[in-house]
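Heads up: the structure comes next, in structure tokens.
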Amino acid sequence: MNKIDFLLQLKDALNKAHVPQSEVHDAAQFYAECVDERIEEGATEAEAVEGLGSIDSIVEGIVADLPQAFRGIGRLDSGNKALKVILLLLTFPVWGSVLVFLALVAASLVVVLWSLLAAMAAFWIACIAAGLAGIASLVHGVANGAGQAGALGFGIGIALSGLAVVLLPLMVYVCRWLVFATVRFSLWVSKPFMKASTYEKGSAFAARMKGGWPHVPKTLLIVGLALLLLGSAVALAVLASCGFEPWTLAQVPSINLFGRDVYLFHWEQDGTALFVGTLS
């Protein structure tokens, strides 16, 4: 069989299988290029066509890879096409509304999932930043006669940083689970409009994201636990020394930053603690 006959039979078989015309065109172009490449490699035209396999197997593979929602579109090319188009337009308020509703629900769920992820990331970054602020608070407090308050800020900040390190495996696991849930939900929603091969790739990626408990070096966890215990011990010692009334301590003075008084650590009489902020 030569190239022209092969492509004609392929198009005819795809049309009989009600494959959309865009897919028929793409398939014909793809297999024409395949034949040309084999000929350039030294094969005869007949050998190049024979190497592609049977037309039935090719059509079966193309149909299987089509998005479910598109498998019947080709039928519009047969029969009374005008009538079918009119029916689609008349029923649009029904299936159009359903599609819009599903899209809004999908978008809402994705936003909720990623909002949780953003909140967790913000909490983790804030804990790490608290450790840095605690160190600065200790240095600034000692230099300005507020060593106890500085030590209290140091203890709380270091404890929070240690907590962030200890919770790192849980954070990574939850983040991966959220990515997995988002991908799986997106695949479920878009499956009718997605090629089978693309769906399989997405499912494989989701499976990798789900995985198991992330591996974190034990040394890192030990350091995190040590920071948590050290910070807690320092903070408790300072609190005990002031009768658990930290607002009675000489507070760490503010620093002038961009024309504003910024406190590295400050404790209000109502029991409110402030890390790196300004007082109203």
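Every number here is computed from the coordinates shown, using simple stated rules; none is lab data. These numbers were taken from a predicted model, which means no experiment stands behind them. So basically every Cβ, Gly included, is an ideal-geometry build from the backbone, and we count neighbours across all protein chains shown.
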- Item | Computed lengthening from L230 to W188, 0.36 nm per intervening residue step minus Cα-Cα distance | 10.4 nm
- Item | Sites matching chymotrypsin sites (Phe, Trp or Tyr not before Pro) across region 164-205 that sit in DSSP coil, with at most 16 neighbouring C-beta atoms within 10 Å | none
- For the chain, with the dipole built from +1 on Lys and Arg beta-carbon atoms and -1 on Asp and Glu ones, taken about the Cα centre, which of L160, Y31, V110 lies farthest toward the positive end? L160
- In 10 Å bins starting at 0, how do the alpha-carbon pair distances of the chain split up by percent? 6, 17, 16, 14, 13, 10, 10, 9, 4, 0
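Using only DSSP helix segments of four residues or longer, with each worth -39500 (n - 2.57), what per-residue ellipticity at 222 nm results for the chain after dividing by its residue count and rounding to 500? Walk me through the numbers before you get to the answer.
Details: 10 runs with 195 residues, N = 280.
Roughly -24000 deg cm²/dmol at 222 nm, from the helical runs in the chain.
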- Quote to one decimal, in nm, the extra length available between K195 and A64 on full extension: 0.36 nm per residue of separation minus the C-alpha distance between them. 46.3 nm
- Query: From the square roots a ≥ b ≥ c of the eigenvalues of the alpha-carbon gyration tensor of region 122-280, which class results: rounded (a/c under 1.5), prolate (a/b over b/c), or oblate?
  - Reply: prolate
- Task: With the Cα gyration tensor of region 187-254 in hand, convert its eigenvalues to equivalent ellipsoid semi-axes via √(5λ) and list them largest first in whole Å.
- Result: 53, 18, 9
- Item | Which of D65, D5 has the fewest Cβ neighbours within 10 Å, and the rest in rising order | D5, D65
- Compare K210, K218, K195 in a GNM of the chain, Cα atoms joined below 10 Å, and give the one with the largest fluctuation. K218
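Calculate, in nm to one decimal, what L116 and N2 gain on full extension: separation in residues at 0.36 nm each, minus their alpha carbon distance.
On the way: separation 114, 0.36 × 114 = 41.04 nm, distance 5.93 nm.
Full-extension gain reported as 35.1 nm.
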- Task: Holding the Cα-Cα limit at 30 Å, pick out from K11/K210; K16/K210; K16/K191 the pairs that are longer than that.
- Result: K11/K210; K16/K210
- Message: If the reach is capped at under 17 angstrom between alpha carbons, list the aspartates and glutamates near K3, excluding any in the same chain fewer than eight residues apart.
- Response: D12, D26, E33, D36, E37, E40, E41, E45, E47, E50, D56
